[in-house]
Every structure is written in C-alpha cells, then in structure tokens.
Amino acid sequence: MLSYALRRIAVAVPTLLVIITLSFALQRLAPGGPFDQEQTLTPAVRANLDRVYGLDRPLAVQYAHYLGALARGDFGPSLSQRDFTVSELIGQGLPLSATLGLAAILLAILLGIPAGITAALARGGGVDYALTALAALGIALPTFVTGPALALAFGVHLHWLPVAGWERGAPRYLVLPVVTLALPVAAYLARLTRASLLEVLRTNYVRSARARGLGAARVLWHHALRPALLPVVSYLGPAVAFVVTGSLVIETVFALPGSGRYLVQGAIDRDYPLVLGMVIVYAGLTLGCNLAADLLYGWLDPRARRE
Amino acid sequence: MSEAAAGRGLWRDAARRLGANRAARTALILLGLVALLALLAPPASPWAFDSLDWRHLAQPPGLAAAHWFGTDRLGRDLFVRTLHGVRLSLLISLLASAISVGIGLAWGALAGFAGGRTEEAMMRFVDVLYSLPYLFIVIILSTVIGRGSIAVLLLAIAAVGWLTTARIVHGQTLQLKRREFIEAARATGVPTAGILVRHILPNLAGTVVVYAMLTVPQMILFESFLSFLGLGVQEPYASLGNLINAGAQEMESAPWMLLVPAAFLVLLLTCLNLLGDGLRDALDPRER
C-alpha cells in the first residue's frame, strides 16, 4: 500500500509543477499586459508600475520569485483589484465555493447511488426506463442551461426560493446552486452504479449466495453492493473536477461571491496573478482529490495496487 | 478489385446500419433542418443580427408578431440572432473538431508507432494536460491571448479537444502495430512512413470518424460555456452561449430570451450525441 501511495504521489507532484510552470510561461510570454486597458500612461508611470510589480525583470527571475512566494502561500498582488492580494481574494471566495462543491457532491451521492441501485434492481421495467432516461437528460444538459431554467421555475414563477444572490449566507440561497451543480453528477453516478451493479449481479459468487438461500436484501448488502461501488469511488476524482468547473458557471448564474467568479473576472481583466493563483489552487485541489480517490480505491481494491 | 469492393462494403454497411437506427435517423434529419434554417433564414429575414427595431423592444414571441421569437431589450430579432448563434456554434465546433481530431490523430499515431522514450514523453504530456480540468487551460489561454476573436476561441477550444482523440488513437495504434499484416509490410521492406500512412491510418479511420462525430457536441458545449462566461464570442455577435447569458439576466421580464437559445442548444447537443452514438454502433457492431 505504501509503495502504491508513493507511486501515486510521484505522479501528482510533478504534474502540479508542470502546471505551475506552463501557466506561468504562457501568461508571461503572451502579448497584452495588465495595464493595457487603462487610459494611456506616460512612459515614466508605466515604467514605475512595471517596476513595482516586477514586470521589468528577466523572466527567469520573475519565475524564481514567483515559486519562492508560492512556497510561502503568497500569490502576489491582484492587478485588477488593487487593494487586495490574490491570497486575500482566494481566502474570501474559497470557503463559499468549497461549501457549494462539497454539498453538491454529497447531494449527488445521496441521489445518484440509490437511483442507480433502484434502476438496476428494476432492470427492464418502467422505473428503470424512467431513471435511465432522466440520467441521460441530466448528463446531456449543461449547467448553464439547467441553472437559469431552475431559477426561472422555482424562483421567478413559484417564488419558493431566491432567484440569485447571497444574503449573509442564508442556506436557502444555496439550494438552487447546489441542486444545479449536483444534478449532472448524480445522473452520472446513477448510470455508473446501475451498470456496475448489473455486472456484479451476474457474477458467480452472487449466484452462489442466492443458491445458499440468502434473501435478496442480504445478497445486495453483503455481497453485491460493495464491489459494485468500486467504479463509483474511482469516479469521485473526475467528479471533483467537474464540480470545480461547474462552480464557475453556478457562481455566475446565481451571483454568488465565490472564488470561481474571481477566476472568471480575472480572466476577463487579464489579471495574471489572480488567474494564475486561482488555477494553481484549483489544480492543486483537483489533483489532491484525485490522489485521495486513487488511494481510497487502492485501499478498497488490492488489485489496483499492483501495477 | 475484390479488395476495393470489400473496402466500400465496410462503409456501405455502416451507412445501412445507421439508416436503420431510428434515433440516429431522426437526429440527422433534425440537424439537417436546423442547419438549413440557420444557413437560409437569416439572409431571408428583414432583420440583421444587430439591427435595432425601436418599435418592438423586449417583444414576446408570437407567429403573428413582427418577430417570431420576440426581441431583446434593444429590439434585436431573437429568431435571427439565435440562428446566427447556431451557425456560429456549428462553424466553430466543426472547425475545432477537425483541428483537434487532426492533432490528436497525428499525436496518437506517432506516439504509438514511435514507441520507447518518445512515446513515453508524448503520452505523459497528454496525461498532465488531462489531469487538469479542461476549463483551466482554456481560461489561461483566453487570459493570455485575449478575448473576442473567433480564431482565438477556436485555438483555445481545439487546444483541449485533441487529448481524448490522442489517447484513443494511441491505444488503437499499439494494438494495430502487433498485427501480422504490419509485420508482413515490414518484412517486405515498406518504409516506416509508408506503413504509417498506408496501413495504420486507414485502419484507424472508423475510430477517428466516430470520435470526430462525438467531439462536435463537446466543442459546441465548450464554445457556449466560454461565451456564457463572457470569455468567448462577444456582443454584438450572437452565440448560443452569450444569448443564454443575456437571457438569464433578463429572465424575470423576458423569459423567452433564455428559453429560445437554450432550446436550440439542447436540440443541437441531443441530436449530435444521438448521431455520434448511432455512428459508433454502425461502425463497430461488436460493441452492442
């Protein structure tokens, strides 16, 4: 198990480093700077601005400085929101985004796995058909369509929930965002669980469990479900990536002050440090969750540890 | 002679199987209709995508009205704008798919065929990019290059689209490489480039066509996603993404502005996915 864990870490860490280097290089080598969209600056002011932000140094020096600062958790000043450092902006937005993502994944698990089990047990019947169709729809609809559609239905027409916004963190402002974000993940989990449980139910050991006279519930709980959920565990890594991506849209649709909105706004403003910092934090998070999912999988299924 | 007939047979077989698939057939017909509408209707309409009709601001849809799908707050015709968006989405996604499938095909086939350290390095590069959520790559690229131009958008979308194709082609090439007919070609002295072009690539054609088809809806999704976030197609040009974004902001007073482009997007995505699935089943009947 230890060597498996070390092998996984040995893949994740260089990946993060490559991402840091790539995004740094891309952003610094590109045409267009953060001060391009301002009123015309005199050369002296321009030179001063460049010096304050270190933009006049050689690239290698900028890179070394950046890496050193990163190690201290300092992502530098934001270029578009002058009064804040990137770390402050991330610190402001991340708790909300993390709550949103975590709640969405939990809800998706609570909805998707039981739906998949139900469909698998009712295979070929009307319930199975309905659930499979729903799952296909959930996977096909992009969040930037379902989000506004749900807000239109439950906010504008039914007045059950707020359409958008965030008033001092009242939970009801999170309901629609979390549901929107959870739906595609739940749909995917349902499809995955259904397929994998059907496969397990066909195996010999399930048949022999039945042959020993065990009841359907016992066969399901003690024999079929655990192996059937293995692929679901391995999907959790990609699910985190999906939720991270989806939160950008959700925070835009529902006007939530999370870090995803800073990332989008930063990209529009060409705020290099902000975008770079956000991408690194998000990439680190995604890679970390992938790693955790891999380790969990390896712990659950010894076969995965052999390479 | 017989070889040529057999070669045609595969594709003719696939076309027959595709035709027999009711979902795929319906999808193809619907797609054809939408594409035709998107091509022919805007020039035939009295309104341009950016012309303002001051007498009909934020007009709801109606067949008897001057604007079938209504207008936005500036009095722009939503029918024309939506179809312009469809046209742009189809154009961008087809081009981006062609570019990314081309890159993926070349990358995967070369890596698979080269073997050794080259292969290792090439595929590791793909793994690294793959482990990042694709959106970050696109966001970095659009931060770097700036927004607004369709060429940039194309580049950004294609830059992430080729990864899946590269992986699949790589795997297929590895399988093909071990087959007897490649060994025979080598034994008879066909040069490496010749083997790649004459024997490997034609055998990849089925897979590549299927993935190209499945890439198109992905690309439409990327494009509208970016345009929705404000990083893609910019006003006054219409794309399904920025129309949906504009509609979401006006949905309390003018819900049709959201519903019309959203319906077209969902229709396009569903049809393209059904068609792609049908094509996969048609070209590879063993799957089912």
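The values are calculated or read from the model by the stated rules, or taken from the named source; none is laboratory data. Keep in mind it's a predicted model, so treat the numbers as computed, not measured. Glycine also receives a Cβ, built like all others from the backbone with ideal geometry; neighbour counts cover every protein chain displayed.
Miscellaneous remarks
- Of the numbered criteria (1) within 17 Å of B:ARG73 (Cα to Cα); (2) at pLDDT 85 or above, the one B:ALA238 fails is (2).
- Entry remark, region A:275-289: residues being at the interface with chain B (Cβ under 9 Å from one of its Cβ atoms) and either part of a loop (DSSP other than H, G, I, E, B) or within 26 Å of B:LEU153 (Cβ to Cβ) (or both) number 7 in total.
- Hits in region A:283-307 (condition: under 11 Å from A:GLY237 (Cα atoms) and acidic (Asp, Glu)): A:ASP294
- When each of A:ALA190, A:ALA170, A:ALA164 is tested for being out of contact with any Gly (no Cβ under 8 Å at 6 or more places or on another chain) and among the small types (Gly, Ala, Ser), the lone residue that passes is A:ALA170.
- Filtered residues of region A:124-149 (kept if crowded, with 19+ Cβ neighbours inside 10 Å and under 19 Å from A:GLY101 (Cα atoms)): A:GLY138, A:LEU141, A:PRO142, A:THR143, A:PHE144, A:VAL145, A:THR146, A:GLY147, A:PRO148
- Filtering region A:36-49 to residues that are modelled with pLDDT of 75 or more and surrounded by 10 or more Cβ atoms within 10 Å (Cβ to Cβ) leaves A:VAL45, A:ARG46, A:ALA47, A:ASN48, A:LEU49.
- Subset of region A:252-274 that is within 12 Å of chain B (Cβ to nearest Cβ) and of a type in the set (Gly, Ala, Ser) - its residue that is nearest to A:ALA98 (Cα to Cα): A:GLY260
- Taking (1) in contact with an Asp or Glu (Cβ under 8 Å, 6 or more places away or on another chain); (2) aliphatic (A, V, I, L, M); (3) facing chain B (nearest Cβ under 10 Å) in turn, A:ALA228 satisfies each apart from (3).
Okay, residues lined up against (1) crowded, with 22+ Cβ neighbours inside 10 Å; (2) within 21 Å of the chain's Cα centre (by Cα); (3) not charged (D, E, K, R):
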| residue | (1), (2), (3) |
| --- | --- |
| A:ALA151 | yes, no, yes |
| A:GLY155 | no, no, yes |
| A:GLU167 | no, no, no |
| A:PRO171 | no, yes, yes |
| A:LEU197 | yes, no, yes |
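- Pairs where the first residue, in region B:172-190, is small (Gly, Ala, Ser) and the second is surrounded by 15 or more Cβ atoms within 10 Å (Cβ to Cβ), C-beta under 7 Å, 6+ apart: B:ALA185/B:ILE195; B:ALA185/B:HIS199
- Test: residue in region B:136-143 that is at pLDDT 80 or above and either buried (at least 18 other Cβ atoms within 10 Å of the Cβ) or within 14 Å of chain A (Cβ to nearest Cβ) (or both): no
- One residue alone among A:ALA292, A:ALA209 is in a helix (DSSP H, G or I), within 30 Å of A:LEU176 (Cβ to Cβ), modelled with pLDDT of 80 or more and among the small types (Gly, Ala, Ser), and that residue is A:ALA292.
- Number of the condition not met by A:ILE105 [criteria: (1) surrounded by fewer than 21 Cβ atoms within 10 Å (Cβ to Cβ); (2) away from chain B (no Cβ under 14 Å)]: (1)
- Residue match in region A:177-193 (condition: assigned to a helix (DSSP H, G or I), free of Cβ contacts under 8 Å to residues at least 40 places away in the same chain and in contact with a helix residue (DSSP H, G or I) (Cβ under 9 Å, 6 or more places away or on another chain)): no
- Every pair of residues 6+ apart whose Cβ atoms lie under 6 Å, when the first sits in region B:203-218 and is touching a residue at least 60 places away in the same chain (Cβ under 8 Å) while the second is among the basic types (Lys, Arg) and in a helix (DSSP H, G or I): B:VAL210/B:ARG280
- All positions within region B:109-135 that are among the aliphatic types (A, V, I, L, M), out of contact with any Leu (no Cβ under 9 Å at 6 or more places or on another chain) and modelled with pLDDT under 80: none
- B:ALA282 vs. criteria modelled with pLDDT under 85, over 19 Å from the mean Cα position of the chain (by Cα) and not in a loop (DSSP other than H, G, I, E, B): yes
- Single match in A:SER80, A:SER97 (criterion: surrounded by 14 or more Cβ atoms within 10 Å (Cβ to Cβ), of a type in the set (Gly, Ala, Ser), within 14 Å of chain B (Cβ to nearest Cβ) and more than 24 Å from the chain's Cα centre (by Cα)): A:SER80
- Every condition in (1) more than 10 Å from chain A (Cβ to nearest Cβ); (2) surrounded by fewer than 24 Cβ atoms within 10 Å (Cβ to Cβ) is met by B:GLY230 except one, and the failing one is (1).
- Selected residue [within 23 Å of A:THR180 (Cα to Cα), of a type in the set (Gly, Ala, Ser) and at pLDDT below 85] from A:GLY277, A:GLY237: A:GLY237
- Residue that is part of a loop (DSSP other than H, G, I, E, B), touching a residue at least 12 places away in the same chain (Cβ under 8 Å) and not β-branched (Val, Ile, Thr), where the choices are A:PHE154, A:PHE75: A:PHE75
- Scope region B:197-219; condition surrounded by fewer than 18 Cβ atoms within 10 Å (Cβ to Cβ) and either modelled with pLDDT of 85 or more or more than 30 Å from B:LEU267 (Cβ to Cβ) (or both); matching residues: B:VAL197, B:ARG198, B:LEU201, B:PRO202, B:ASN203
- Being in contact with a His (Cβ under 9 Å, 6 or more places away or on another chain) and surrounded by fewer than 20 Cβ atoms within 10 Å (Cβ to Cβ) is a description that does not apply to A:ALA293.
- Condition met for A:GLY33 (at positive phi, surrounded by 16 or more Cβ atoms within 10 Å (Cβ to Cβ), at pLDDT below 80 and among the small types (Gly, Ala, Ser)): no
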